[in-house]
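Step one of this worksheet: look at the structure below.
Quick note: the coordinates plus some simple rules give every number you see, no bench work behind them. Since the model is a prediction, treat every value here as computed from it, not as a measurement. A quick note on method: Cβ atoms are made from the backbone with ideal geometry, for glycine too, and the neighbour counts reach across all protein chains shown.
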Amino acid sequence: MTTSSPEQLLTRLRWRYSTKRFDSSRAIPDDVWSALEHSLVLSPSSFGLQPWKFLVVDDKRLRTELRTLSWNQPQITDASRLVVFCGLRNTTIEDVDRYLQLQCDVRGVGIETVAGYRKVLVDFVEKGWAAKDHSAWNARQVYIALGTFLAAAAMLGVDSCALEGIDMEAYDRLLGLDGTRFTTLVACCAGYRADGDRGATAKKVRYPLSDVIERR
């Protein structure tokens, strides 16, 4: 398997930034976009439960309306792609059983083989610390997927911009999420930077490694 070198990885991560101006004339090639969608599917989550849904919004009318719900940020309409990251409002025993059945189907084993693991999951969902706020716990998992997506985009030379400056409740109404088990958490635009976007040449501002990494 071909792997990137440490320097190649750091080069791509230094290259990426939160793109403010996208070139609306440039589309992400289908094969590249397919890989990015699969990066979402392959994202890790606690216990593997995947408490998320990703809405890829291609409809131009919808994106124009969403822009008005996003502080009129032009990335919403100018980027090649827009993904709305949604999380489950709560986690149920049915969610646990659905995932475990899928696991057994994929691995070709009987459901009885995961009985012990099921008890661990059920106990955590019903009594663990996450049970106090399933929505917040699920949101943590969705943000892992967002991080995976941003890094994957950078590795493929695709620009991105995560946006929390959005009216999440209004997004839910417009996207038909009201009354469903999912709610909007964050949006992310992907495409290619426009010429003249000042952020592309601005120096990256990060605290030094010695300030943020401690060794024990």
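Can you tell me the length gained on complete extension of the stretch residue 27 to residue 115, counting 0.36 nm per residue apart and subtracting the Cα distance? Spell out each step's value before the answer.
Details: separation 88, 0.36 × 88 = 31.68 nm, distance 4.70 nm.
Gain in length upon complete extension: 27.0 nm.
In deg cm²/dmol and to the nearest 500, what is the mean residue ellipticity at 222 nm of the chain if only DSSP H runs of at least 4 residues count, each as -39500 (n - 2.57), divided by the residue total? Before the final figure, lay out the partial values.
Details: 9 runs with 96 residues, N = 216.
Taking each H run of at least 4 residues, the total per residue is -13500 deg cm²/dmol.
Identify the residues of the stretch 105-122 with backbone N under 20 Å of a label point that sits 7 angstrom from the Cα of residue 1 along the Cα-to-Cβ direction, or state none.
So the set is 106-107.
When the label point is put 7 Å from the Cα of residue 38 along its Cα-to-beta-carbon vector, which residues of the stretch 150-171 have a backbone N closer than 17 Å?
It comes to 150-158, nothing else.
Per residue of the stretch 96-104, in order, report the coupling 6.51 cos²θ - 1.76 cosθ + 1.60 (Karplus, θ = phi - 60°) as ³J(HN,Hα) in whole Hz, putting x for Gly and Pro.
Per-residue couplings from phi come out as 4, 5, 4, 5, 5, 5, 4, 4, 5 Hz.
Which of 44, 29, 74 moves most in a GNM of the chain, Cα contacts under 10 Å?
Highest fluctuation among the options: 29.
Check the chain and count each lysine pair with an alpha-carbon distance under 20 angstrom, considering only pairs eight or more places apart or from different chains. Display every interim value, and only then the final one.
Values: 20/60; 20/203; 20/204; 119/127; 119/132.
Pairs that pass both the separation and distance tests number 5.
Listing 102, 121 from the residue with the fewest other Cβ atoms within 10 Å to the one with the most, what is the order? Before the final figure, lay out each step's value.
Values: 102 12, 121 23.
By the 10 Å Cβ count, ascending, the order reads 102, 121.
With an 8 Å cut-off on Cα pairs and a minimum separation of 6 or more residues, tell me the relative contact order of the stretch 15-212 in percent. List each step's numbers first, then the result.
Working: 286 pairs, mean separation 73.4, N = 198.
Reported relative contact order: 37 percent.
Subtract the Cα-Cα distance of residue 62 and residue 14 from 0.36 nm times their separation in residues, and report this length gain in nm to one decimal.
On the way: separation 48, 0.36 × 48 = 17.28 nm, distance 3.27 nm.
Residue separation times 0.36 nm, minus the Cα-Cα distance, leaves 14.0 nm.
Of 67, 215, how do they rank once you tally other Cβ atoms within 10 Å and put the fewest first? Kindly include the intermediate steps, with their values, before the conclusion.
Working: 67 18, 215 3.
Taking fewest neighbouring Cβ atoms as first place, the list is 215, 67.
Find the relative contact order for the stretch 1-112 and round it to a whole percent, using C-alpha pairs within less than 8 Å whose residues are 6+ positions apart. Numbers along the way, then the final one.
Details: 70 pairs, mean separation 32.2, N = 112.
Worked out over the stretch 1-112, it gives 29 percent.
Taking neighbour Cβ counts within 10 Å as the exposure measure, how do 68, 91, 3, 184 sort from fewest upward?
Least crowded to most crowded, the residues run 3, 68, 184, 91.
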